[in-house]
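Written out below as structure tokens is the structure these notes cover.
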Amino acid sequence: QQQVKQSPQSLIVQKGGISIINCAYENTAFDYFPWYQQFPGKGPALLIAIRPDVSEKKEGRFTISFNKSAKQFSLHIMDSQPGDSATYFCAASITGNTPLVFGKGTRLSVIA
Amino acid sequence: DAGITQSPRHKVTETGTPVTLRCHQTENHRYMYWYRQDPGHGLRLIHYSYGVKDTDKGEVSDGYSVSRSKTEDFLLTLESATSSQTSVYFCAISEFREVYGYTFGSGTRLTVV
């Protein structure tokens, strides 16, 4: 059973466009939702994270939107740049250092 | 930077041989994790540790064992390597730097032939 479902698997966006990646979860006990960015040959790196007490969090061009009732959260990358081309993972966990459960990842390509 | 080092970075081994991957951290973090990354599967938890000699299984623990005899080292052993264990293995620690999150090592690419 996949606890965190991520879509799409791959995404191609024009430079300057908006990239949107969606995730859905089943476990209502999850209360921490981070996004990770991974470049080829590197380990994933924390990009941005949100908790269910807020519906949106913005850091620069990256925004997480959170819909608790729908059990969904999404990553929006505004003004997408070729340097944003990477694999993005959503994840979820229960606070208290329970291990993160990851989505399967989205490979984003931003083309000029 | 959490100072996580994984070794080796690359390894080719034969089916049936035991293999040990090492994760070393320099900042005394309590929690450490081993994940494997495979195309189409994302990152899946193998084992994790919440202290010296304290470990627990993850989603895909069959065929793997771990040991943590000191805080800084978390070892992952493939007891008898199989081709299905060909993967990229990542170690991670959890830490709080403005926000809580994982810091991953650079990974070990393991090929079982």
- Item | the protein assembly as shown - accessible surface per residue (Å², probe 1.4 Å) | 48 Å²
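Taking each residue in B:29-42, count the Cβ atoms of any other chain within 10 Å of its Cβ, then average. What number comes out?
Values: counts 0, 1, 3, 0, 3, 0, 5, 0, 7, 1, 3, 3, 4, 14.
The per-residue average across the peptide is 3.
Only Cα pairs under 8 Å and at least 6 apart count here; give the relative contact order of chain A as a rounded whole percent.
Values: 273 pairs, mean separation 41.6, N = 112.
Computed over chain A, the figure is 37 percent.
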- SASA check, B:Glu59, accessible area w/ 1.4 Å probe, all protein chains in place, rounded to nearest 10 Å², comes out at 130 Å²
- Message: I'd like the accessible area for A:Met78: 1.4 Å probe, protein heavy atoms, all chains in place, Å² to the nearest 10.
- Response: 80 Å²
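Can you pull the Kirkwood radius for chain A, inverse mean 1/r over Cα pairs, to one decimal in Å? Provide the component values of the computation, followed by the final result.
Details: mean 1/r = 0.0714 Å⁻¹.
Answer for chain A: a Kirkwood hydrodynamic radius of 14.0 Å.
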- Note on the structure: Heavy-atom accessible area of B:Val88, protein chains in place, probe 1.4 angstrom, given in Å² to nearest 10, is 20 Å²
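Roughly how many percent of the accessible protein surface of chain B is carbon and sulfur, given a 1.4 Å probe and a whole-percent answer?
Working: 2540 of 5360 Å².
Using a 1.4 Å probe with all protein chains present, chain B comes out at 47 percent carbon and sulfur.
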- Query: Given chain A, what count of lysine pairs have C-alpha atoms under 25 Å apart, with each pair 8 or more places apart or on different chains?
  - Reply: 20
- Task: May I ask you to rank B:Ile4, B:Ile93 by accessible area, largest first, using a 1.4 Å probe over the protein chains only?
- Result: B:Ile4, B:Ile93
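Over chain B, what lengths in whole Å, largest first, do the semi-axes of the equivalent ellipsoid take, defined as the square roots of 5 times the eigenvalues of the alpha-carbon gyration tensor?
Details: eigenvalues 104, 41, 33 Å².
Rounded to whole Å, the semi-axes are 23, 14, 13.
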- Separation of alpha-carbon centers, region B:1-47 and region A:8-66, rounded to whole Å: 24 Å
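Over chain B, what relative contact order in percent results from Cα pairs under 8 Å that are six or more residues apart? Intermediate results must be reported in sequence, preceding the final value.
Working: 291 pairs, mean separation 38.9, N = 113.
With pairs under 8 Å counted, the relative contact order is 34 percent.
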- Message: Could you compute how much accessible area chains A and B hide from each other, both sides summed, with a 1.4 Å probe? Nearest 100 Å² is fine.
- Response: 1600 Å²
- Query: Given just the C-alpha atoms of the protein assembly as shown, how large is their convex hull per residue in cubic angstrom?
  - Reply: 120 Å³
- Query: When the dipole is taken about the Cα centre of the protein assembly as shown, and only Lys, Arg (+1) and Asp, Glu (-1) are charged at their Cβ, what size is it in debye, to the nearest 20?
  - Reply: 300 debye
- Sorted by accessible area with a 1.4 angstrom probe, largest first, how do A:Arg51, A:Arg107 fall? A:Arg107, A:Arg51
- Item | Shape of region B:1-54, Cα gyration tensor, a/c cut at 1.5 | prolate
- Note on the structure: Among B:Val66, B:Thr55, B:Asn28, the residue whose Cα sits farthest towards the positive end of the charge dipole of chain B, when +1 is placed on the Cβ of each Lys and Arg and -1 on the Cβ of each Asp and Glu, is B:Val66
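The values are calculated or read from the model by the stated rules, or taken from the named source; none is laboratory data. Keep in mind that this is a model prediction, so the values were computed, not measured. So basically every Cβ, Gly included, is an ideal-geometry build from the backbone, and we count neighbours across all protein chains shown. For accessibility, only protein heavy atoms count, side chains too; no ligands or nucleic acids. Shrake-Rupley method; radii C 1.70, N 1.55, O 1.52, S 1.80 Å.
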